[in-house]
Amino acid sequence: MPLSDHAPIETPPRAPSPAHRFGTLAVHAGSPHDQVTGAVIEPISLSTTFAQSAVGQPVGSHEYVRSSNPNRENFERSIAALERAKYALAFSSGSATTATILQSLAAGSHVVSVSDVYGGTHRYFTKVASAHGVRVTFTPSIELDIEGLIKEETKLIWIETPSNPTLSLVDIRAVADVAHRSGIMVVVDNTFLSPYVQNPLDHGADIVVHSVTKYINGHSDVLMGVAAFNSDELLTRLKFLQNAIGAVPSAFDCWLAHRGAKTLHLRAREASKNGQMVAEILEGSPHVVAVNYPGLSSHKQRKIALKQHRDGLGGGMLSFRIKGGKEAAERFCQATQLFTLAESLGGVESLVEVPASMTHMGIPKEQREIAGVFDDLVRLSCGIEDGVDLVADVRQALEKVVVAPKITNGLANGNGTA
Ligand SMILES: Cc1ncc(COP(=O)(O)O)c(C=O)c1O
């Protein structure tokens with residue numbers, strides 16, 4: 001029976017409060033010592049199958065790798081602890097996580113989503129979900145519109161907060177309260193902040209999803225996704241689909257991502273400190289039209305950041321509109337020396353990109369601009385390098401892009417060639 005046939009959705013109480021704090025959980029949750037050798041770090045279990053002592057009686061708790069394996073189980077335990085959830089399930093990518101959740105809806109279901117979702121999520125909603133009869137309505141102001149957008153067939157609300165790439169925030173509790181009155185499930189994509197900065201289940205979400213590829217793994221060398229939740233019924237349904245669809249990560253990727261998660265608190269704090277420093281100098285720059293960063297007091301939803309984010313942190317992601325349009329945005333990305341021009345985010349190294357021409361190119365221009373994704377928007381992922389060096393890099397790139405061409409023109413004019 002599809003999930004959507006069970007209404008209203010119950011949001012059971014969270015797992016009992018863990019005794020330990022985030023950093024301790026990051027290091028220890030899902031990290032048992034090896035029972036045989038005492039190895040402090042779990043071995044990588046590459047076996048695809050597990051012996052049975054009699055028919056239907058596996059020696060341990062695993063039978064076949066797609067259904068479960070030790071490294072995936074440990075990683076899932078770790079993320080459940082960090083998201084303050086009862087359960088977590090890992091997938092082969094963030095996109096596979098999204099697909100599996102959408103696949104759990106019956107044909108004919110309706111979804112309401114924030115407009116400025118990750119481009120791949122938008123593509124899935126409009127080009128794939130529609131093919132199996134699930135319709136998605138996008139809204140740029142979900143807190144205001146939600147009541148009017150809910151229909152009889154609405155089964156799921158999709159939120160990205162902060163959104164990608166405009167860093168708009170959504171008040172999760174405000175949306176969840178309305179959704180739950182009609183038995184509708186709320187999913188929050190928490191990729192941009194990581195579980196260190198925000199725990200959406202604490203604010204009323206039913207499922208939190210991550211592209212593990214980003215902050216959780218944090219070293220730009222694993223593609224993976226995860227969903228965390230509290231409901232036993234969701235566990236049964238999503239675990240069934242995890243196995244039936246088979247979009248699962250390898251044991252090696254689970255091991256690497258688990259290793260990454262052990263330092264998440266250190267990396268997320270440093271990236272957030274750097275994001276704040278870079279956002280502040282951008283905000284003070286005459287070459288910048290506007291800065292989107294939830295750590296700034298000028299951010300239009302700063303109050304939500306103070307309510308939902310740990311210590312009101314802004315995270316490591318920000319975007320800004322540069323003076324000089326699309327060309328200036330593209331030149332800026334080539335002028336930075338520490339920020340590498342590349343897609344993705346959340347790694348130890350800083351990255352820069354132009355969403356309208358790269359990650360969000362698939363969204364029609366008109367829709368993109370309604371969501372604030374203009375051609376001159378530059379997105380930065382601040383890594384964990386020294387913040388002073390990152391600020392200097394952004395400053396020199398702005399000077400090169402916005403000031404240097406004017407000086408060159410001036411000289412040219414002076415030489416009487418104009
Ligand atoms: C916010 C967000 N959600 C989901 C995804 C998809 O994740 P993956 O690339 O792991 O499939 C991305 C990828 O960039 C993302 O930025």
**OP:** Residue by residue through region 127-142, note down the ones that are without any contact (Cβ under 8 Å) to a residue 40 or more places away in the chain and surrounded by fewer than 18 Cβ atoms within 10 Å (Cβ to Cβ).
**Re:** Lys127, Val128, Ser130, Ala131, His132, Gly133, Arg135, Thr137, Thr139, Ser141
**OP:** Taking the options Glu143, Glu147, name whichever one is of a type outside the set (Lys, Arg) and either in contact with an Asp or Glu (Cβ under 8 Å, 6 or more places away or on another chain) or not in a helix (DSSP H, G or I) (or both).
**Re:** Glu143
Original post:
From the list Lys127, Lys151, which one is within 16 Å of the ligand (Cβ to nearest atom), farther than 26 Å from Leu193 by Cα and of a type in the set (Lys, Arg)?
Top reply: Lys127
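How many residues are in a helix (DSSP H, G or I) and within 11 Å of the ligand (Cβ to nearest atom) if we restrict to region 86-105? So that I can check it myself, show each step before the final result.
Taking region 86-105 as the starting set, the residues that turn out to be in a helix (DSSP H, G or I) are 94-103.
Next cut, within 11 Å of the ligand (Cβ to nearest atom) only: 94-99.
Of the residues in region 86-105, 6 are in a helix (DSSP H, G or I) and within 11 Å of the ligand (Cβ to nearest atom).
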Original post:
If you scan region 195-215, which residues turn out to be farther than 23 Å from Leu235 by Cβ and within 13 Å of the ligand (Cβ to nearest atom)?
Top reply: Thr213, Lys214, Tyr215
Original post:
Quick check: anything in region 265-272 within 16 Å of the ligand (Cβ to nearest atom), among the small types (Gly, Ala, Ser) and within 17 Å of the chain's Cα centre (by Cα)?
Top reply: yes
Subject >> Among (1) modelled with pLDDT of 95 or more; (2) more than 24 Å from the chain's Cα centre (by Cα); (3) buried (at least 19 other Cβ atoms within 10 Å of the Cβ), the one test that Leu105 misses >> reply: (2)
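The values are calculated or read from the model by the stated rules, or taken from the named source; none is laboratory data. All values derive from a computational prediction rather than experimental measurement. All Cβ positions, glycine included, derive from the backbone under ideal geometry; neighbour counts span all protein chains shown.
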